[in-house]
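Undergrad: Have a look at this one.
Laboratory data are not the source of any read-out in this text; all were calculated from the coordinates shown. Fair warning: this is a prediction, and the values are worked out from it, not measured in the lab. Cβ atoms come from the backbone with ideal geometry, glycine included; neighbour counts cover every protein chain shown.
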Amino acid sequence: MPEPQFDDLYRELILDHSRRPRNRGALAGATQHVEGVNPVCGDAIALDLAVHDGIIDDAAFSGQGCSISQSSASMLTERVKGRTVAEARRVMDRFRAMLIDGALPDRELGDLEAFEGVARLPVRVKCALLSWNVLQEGLDQATSAATGGNP
Ligand code: ZN
């Protein structure tokens, strides 16, 4: 069996975000700072979120690792900026369903559909999901802070 190939357009998108990551850096006004690693591949992601009144006003990331992990984080920040925490959680659920359960990409995913091919590369799924696992931790923290520790 030959190695499954990404659609060319999607491969370009992933490479573009990997070469020119969006929202890279740290946020001076971050309300949440969360980090995660994928030791299998050596990927590391740190995510800064500025969450106010249930809205993700700003998001930025830093990190190192393979192109899948870095481009996934870059697209994540673009996708969740300006969204509510609930919307971000929904996108996160759809993204995971696509990668873990092989669910068809949802319209809500937008450009994140580019990672659909990763579902066929089990060793890379962890790379694509790393920043989303970090995001979940950040959103959980933000939710918990907003409710005074009583979710
Ligand atoms: Zn990786």
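Undergrad: Just the Cα atoms of segment 4-143, one point each, no solvent: what log10 I(q)/I(0) does Debye give at q = 0.09, 0.10, 0.11, 0.21 Å⁻¹?
TA: One equal scatterer on each Cα of segment 4-143 leads to -0.23, -0.28, -0.34, -1.31.
Undergrad: Karplus couplings for segment 138-147 from phi (6.51 cos²θ - 1.76 cosθ + 1.60, θ = phi - 60°), rounded to Hz, Gly and Pro as x?
TA: Those phi angles translate into x, 5, 4, 4, 5, 5, 5, 5, 5, 9 Hz.
Undergrad: Let me ask something else. Quick one: Kirkwood hydrodynamic radius for segment 47-106, alpha-carbon pairs, angstrom, one decimal? Let's see the in-between values first.
TA: Working: mean 1/r = 0.0813 Å⁻¹.
Its Kirkwood hydrodynamic radius stands at 12.3 Å.
Undergrad: Ok, one more. Just S18, S71, S131 to compare: in a GNM of the chain, with alpha carbon springs under 10 Å, which one fluctuates most?
TA: Answer for the Gaussian network model of the chain: S18.
Undergrad: More than 20 Å apart: what percent of Cα pairs in segment 90-151 qualify? Can you show the working numbers first?
TA: Values: 626 of 1891 pairs.
In whole percent, the long-distance tail amounts to 33.
Undergrad: Further question: Looking only at H52, H33, H17, which one moves most when the chain is put into a Gaussian network model with springs between Cα atoms under 10 Å?
TA: So, out of H52, H33, H17, the one fluctuating most is H52.
Undergrad: To continue, here is another question. Taking a label point 7 Å from the Cα of R90 along the Cα→Cβ vector, which residues of segment 46-66 have an amide N closer than 15 Å to it?
TA: Residues 55-56 qualify, since their backbone N sits under 15 Å from the label point.
Undergrad: A further question follows. In the chain, what percentage of the DSSP-assigned beta bridges are antiparallel, given to the nearest 5?
TA: Numbers: 17 of 18 bridges.
Antiparallel: roughly 95 percent of the beta bridges in the chain.
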